Each structure stands twice: as structure tokens, then as C-alpha cells.
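> One structure, pasted below without further comment.
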């Protein structure tokens, strides 16, 4: 009898380990291609470091940002809005999985959580770079009680820090049961795992799940506050800038947050599934359903874009009409129309068509559509920020803005750094909740 029970327990542990094994491949397999990829990323990050050094030593004159004639904000702020938006939906996916018990999406939940943390860091970095003097960012902390009401930048810092704190706490709580099981299998990482497991006991799992549930609720509320409130208010409450002032900014930015994050999760999940052969575990149905949600949100964003343009053209102040004209007919039309038609409308139609006709579903098409949408939304951030700055209501001549090599090097470097941080997490910690496998 004792031997039989021992055999059953051994078989059970073996079956669990077999189920876990595919998702542990990033922790155990590191080939030449990985090192080449990391080397390329490090080279790009080095260029980013050099470009930032040039900017720090010579000042913001190394950029193409100018005032009063020109753009006081440039690609750095466009990048900030892009990463801040993408940060929110990734955690929203994970929180929704827990709150709504959408267990089929568990394999991609943690991928979204890590997207959130990396993107929040890149959003904060973009703001620090845009300041020109990063040391002055500490003034927001030193004078926080005095500025928290009057300064939109302080609002932003407050909510972003709070969001990062809650999101990292959520990831830490939900990951500890996996680290507890894996600490013995990966002795090189054991010290890191044990540091993160301080105070942990398997008996506390029910309490941890309850805490994670409440954190999920708080995070979803904070997503609406940040992506549907603070960030759009930085733009939407500025009546002195044509094209920004309006109530549509909140749903605009919140919808964009969901679109960019879902697109990013689809791309990352498909890439990791291809590299580590997870096709049998991350089912095509997951991609099809995420693609359907992505298509719906993208269509809604297109509707908001059309509604905004109609409002700007119908009996609007002269400044609003001018911004609309340069988007639809003028200087930015060669960017605006391809972004809207090729970057948003066409991929959205493809994704919705796959929803209604499942036999048309193709993972390759879904990933390409997601990638095109992601690029289009970065471009959309650019044409939200720049045109309004080039057409002031004050009696200044219209300006121009073409980012310098320093700006482009920093922007590309930030993306490379984001990928590098994600890859670093992938090699240190399980990217899928192996406890549930």
C-alpha cells in the first residue's frame, strides 16, 4: 500500500513537471541566436546612451524642438503617450482574467503584466529625457504637496508611480507560488527567488489570491484614471492649443490603450510560442478571440477619429479647422491617411472578418495586423502631438519640426531597451503561470 501511494505521488509529480517543462524552456535553453539578438539590442542601447549624452552635454538644442516657432514637444512626448497607453491594457488583460475567471487566457496573462511594467518604465524614461535636465524631475517629489493640484506633470508622475507600484505588487504576488516551486530546480537563480519569497508560505495561498483580487479591482480603476483621465487631460484641458481641447480625449486615449496593449500581447505571445514551440499549449482560439477584441476596439477608435474630425470642421474656431485641414489635406495628410486606412481600417476589417468566419482565421495574418496597428498608433501619437504645436493661436508664424538624429537614436534606443528588459525577465522568471498547467 505504501509503495503504491509513493508510486502515485511520483507519477503525479512527473506529470506536473512534464506539463510545466515547455514553459520553462526560456529559463534553461540559451542558444547562439539569443546572444546575437541581445548583442544587437545592446548595440542600439549604446547608441541611445551616446545620443542622450550628446543631449545632456549640449542641451535640448541638439534636438529639433523649438519654441515659440516650432514644436516645444516632439517625438519624446509622442513616445511617452505611446508607452503609457500600452502599459495599461496589458495589466487590464491579466486583471480581467482573474476577476472574470477567463482561465483560457492564463497563458498570456503574465505576458501582459510584464508588458505593463516595462512600458511604464519606458514612459517615465521618455519624460525624463524630454525634460533636458533629468535632475529637475526630483523637484516634483520635493515640492509635491504644493504642485499636486496645479501641475499636470505632477498628476502624471503621481498616478504613474502608483500604477507601477500596484502593478509590480500584483506581479510579485501572483508569481511567488511559481518561484517557490522552481527555486530548487534553478540554483543559480535561487538567491533572487528566495529574496522574492521572503515571508511566503504555501498555506497563505488563499490570502494571496484574495489580495490579488482586490489589487485587480484597484488596477482597473487606476487604468481608467490614468489612461482615461490624467494623460488625456494633459492635452484635452489646454484650450490654448487647437486640436487638443475637447472632451473626446478621454475615451480616445483609453481606447488606444486597450488597442496597443492587446496588439503587443498578441505579437509577444505568437513570437514566444514560435520560438519555444508552445503551439500546443497556447491555442489558436486565444489569438482569434484577442484579435476579435482588438478589431472591435480599433473600429471604435476609427469612429472616434471621424467624430473628432467632423467636430473640428463643422462651425469650429479657426484654429481647429486649420489643424483638421493640415491633417486631411495639407502637410500631414501623407502620414494621416495611410495611418488611418492602411494602419487601422484594413487590419481591423481583417480581424473582424476572422471573427465572423472562423475558417478564415490565420495566426500569421493576426500577428501582421497587430504589428501594423501598433506602428499606426505610434504614428497617431506623433500627429496628435506635433500639428497642434506648429499652429499656435498666438500671432506667431507657423513652425516646422523634423526630429534630429539625436531624437531618433533615443527613440529607437528606448524601444531596444524595452525589448532587452522583457528578454531579461524572460530569462530570469517564468513568463507563464506554470502552477496552472
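The numbers here are math on the coordinates, done by the rules we state, and not lab data. All of these numbers come straight from a predicted model, not from anything done at the bench. Neighbour counts are summed over all protein chains in view; Cβ atoms, including those assigned to glycine, are modelled from backbone coordinates with ideal geometry.
> Rounded to the nearest Å, what's the spacing between the alpha carbon centres of segment 330-400 and segment 196-216? Just the number, please.
Rounded to whole Å, the Cα centres lie 41 Å apart.
> For residue 206 and residue 333, what is the calculated FRET efficiency with R₀ set at 56 Å and r taken between the beta-carbons, to the nearest 0.05? It would help to have the intermediate numbers written out before the result.
Numbers: r = 58 Å, r/R0 = 1.04.
Given R0 = 56 Å and the Cβ-Cβ separation, E is 0.45.
> Fewest Cβ neighbours within 10 Å first, please rank 153, 421, 179 accordingly. Please list the in-between numbers first.
Values: 153 13, 421 17, 179 21.
Going from least to most buried by this count: 153, 421, 179.
> Roughly what angle does helix 346-356 make with the longest principal axis of the chain, taking Cα atoms, 0 to 90 degrees, to the nearest 10?
Once rounded, one gets 40 degrees.
> For residue 238 and residue 103, compute 0.36 nm times the residue count separating them, minus their Cα-Cα distance, and round to one decimal in nm.
Values: separation 135, 0.36 × 135 = 48.60 nm, distance 4.28 nm.
Extending this stretch completely gives an extra 44.3 nm.
> Taking square-rooted eigenvalues a ≥ b ≥ c of the alpha carbon gyration tensor, is segment 305-347 rounded, prolate or oblate, where a/c under 1.5 means rounded and, failing that, a/b exceeding b/c means prolate?
On the way: a/c = 4.34, a/b = 1.69, b/c = 2.56.
It comes out oblate by the Cα gyration axes.
> I'd like the distance separating the alpha-carbon centroids of segment 256-295 and segment 60-105, in whole Å.
19 Å
> With a Förster radius of 51 Å, plug the Cβ-Cβ distance of residue 314 and residue 192 into 1/(1 + (r/R0)^6) and report the FRET value to the nearest 0.05.
Numbers: r = 58 Å, r/R0 = 1.15.
In this case the efficiency is close to 0.30.
> So if we plug the beta-carbon distance of residue 289 and residue 365 into 1/(1 + (r/R0)^6) with R0 = 25 Å, what FRET efficiency do we get, rounded to 0.05? If you can, show how the numbers build up before the last one.
Values: r = 15 Å, r/R0 = 0.60.
Calculated value: 0.95.
> Put a dot 7 Å past each Cα toward the Cβ at residue 213 and residue 307; how far apart are the dots in nm?
So the two model labels end up 3.5 nm from each other.
> Would you mind ranking 137, 250, 273 so that the residue whose beta carbon has the fewest other beta carbons within 10 Å leads the list?
Details: 137 14, 250 18, 273 22.
Ascending number of Cβ neighbours within 10 Å: 137, 250, 273.
> Need one word for segment 314-437: rounded, prolate or oblate. Basis is the Cα gyration tensor (sqrt eigenvalues a ≥ b ≥ c); a/c below 1.5 gives rounded, then a/b vs b/c decides. List each step's numbers first, then the result.
On the way: a/c = 3.11, a/b = 1.53, b/c = 2.04.
Verdict is oblate for segment 314-437.
> Fully extended, how many nm does the chain gain between residue 53 and residue 173 (0.36 nm per residue separation, minus their Cα-Cα distance)? It would help to have the intermediate numbers written out before the result.
Numbers: separation 120, 0.36 × 120 = 43.20 nm, distance 3.76 nm.
Value of the extension gain: 39.4 nm.
> Oh, and also: If I fit a long axis through the Cα atoms of helix 405-428 and take the longest principal axis of the Cα atoms of the chain, what angle between them do I get, 0 to 90°, rounded to 10?
With rounding to tens, the tilt is 10 degrees.
> Can you tell me the relative contact order of the chain? Whole percent, Cα pairs under 8 Å, sequence separation 6 or more. Let's see the in-between values first.
Working: 552 pairs, mean separation 134.5, N = 437.
The value is 31 percent.
> Now for a separate question. For segment 107-262, what class follows from the C-alpha gyration tensor (a ≥ b ≥ c being the square roots of its eigenvalues): rounded when a/c is under 1.5, otherwise prolate if a/b is larger than b/c, else oblate?
The shape class here is prolate.
> Also: For the pair residue 69/residue 275, report the inter-label distance in nm, with labels modelled 7 Å from Cα in the Cβ direction.
4.9 nm
> Which angle between 0 and 90 degrees, to the nearest 10, do you get for helix 363-390 versus the longest principal axis of the chain when only C-alpha atoms count?
Result, in degrees: 30.
> For residue 143 and residue 28 in one chain, what is 0.36 nm times their gap in residues minus the Cα-Cα distance, to one decimal in nm?
Numbers: separation 115, 0.36 × 115 = 41.40 nm, distance 4.72 nm.
Contour length minus Cα-Cα distance gives 36.7 nm.
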